[in-house]
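A short reminder: the numbers here are calculations on the coordinates, not readings from a lab. These figures come from a predicted structure and were not determined experimentally. Cβ coordinates were reconstructed from backbone atoms using ideal geometry, including for glycine residues, and neighbour counts include every protein chain displayed.
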Amino acid sequence: MLSLLVIVGPTAVGKTALSLQLAQKFPLEIISADSRQIYRGCNIGTAKATPAERAAVPHHLLDVADPDQIVTLAEFQARAYALIEQISARRRLPALVGGTGQWVKAVVEGWGIPRVPPDFALRAELEARAAKVGGAALHAELSAVDPQAAAKIDPRNLRRVIRALEVFRKTGVPISVHQQKNLPPYNILQIGLTMPREALYARVDRRIDRMMEMGLLDEVRQLEQAGYDWQMPAMMGLGYKQMGQYLRGEVSLDEAVALIKKETRRFVRQQYNWFRLDDPAIRWFELAPEGGAPVAEIYSLIEVELQPRIPPQSV
């Protein structure tokens, strides 16, 4: 059975620092589970691993798409599974590291994901119908063809209702059938990092201030000058969206920075919905505001839970 180390937690808590420390002890290769770090040219605003860090430890799924491209959840999952196999074949330990909860869960829980590309014409048709007769009518249509999915989707969440209808119309199979889970054949150790909320918020604020000092505004300006539209996926991410508001003259620079901090705090709260502190599958470590992770304790966990399953040649 293959082994997989997973490091999760909210933004700015110290996941990258821990993964780099662990790589000094174990033969790690890091698979990024960050839905924004996939984009080329988006470095500062995504807190992407530096060239020196990448030279020290192999990193995967960074810079794999242009800012105007979409990498779907299904594509990420398939790439992650392939990398886990390849890294294991090299007698090394794959480490899935990141804060995009949906991406992490899709891998560790073996989500069934409809491999149905978006049909924008159909979506526009359904959106127009919802505007005319109301979203409840679309939800009722979904209930008729896929009651299991309809029971789980809030009728007000029009985006999810439309996606479920889209999958059914394109495949003839309910999305609830596509989404059945199939746990991957891995021995998985999930490490979660957390800290008191106010301390974490303070770290978020300091990180954003450092991003500004490092040239986040210039990074966003260069992307704009390269022709990337503000509605493109990468340009809607935290930091990029707010710098765009400043560049378009909608807010002052101080207001844009304050918005980044506010929205990042909101994102942190959302991350805890994905990575729940009461999740028995995650071994949580609460960090002091300025302290690092208890590396020695985590070393021991890896040695007990995963190391026996790593081929001896890799140690």
Among 103, 274, rank each residue by its count of other Cβ atoms within 10 Å, from fewest to most, as a rough exposure measure. 274, 103
Segment 107-171-segment 80-97 distance, computed between alpha-carbon centres (Å): 34 Å
Area projected by the alpha carbon convex hull of segment 151-292, averaged over all directions, nm²: 13.1 nm²
Calculated FRET efficiency, residue 129 and residue 247, Cβ-Cβ r, R0 41 Å, to nearest 0.05? 0.70
Rg/Rh (Cα only; Kirkwood hydrodynamic radius) as it applies to segment 120-178: 0.93
Identify which of the listed values of Cα extents along the principal axes in Å was calculated from the structure shown: (1) 103, 44, 32; (2) 61, 50, 35; (3) 46, 45, 37. (2)
Length released on extending from residue 262 to residue 230, taking residue separation times 0.36 nm less the Cα-Cα span: 9.5 nm
Quick one: 3J(HN,Hα) in Hz for segment 90-95, Karplus 6.51/-1.76/1.60 with θ = phi - 60°, rounded, Gly and Pro as x. 7, 6, 10, 9, x, 10
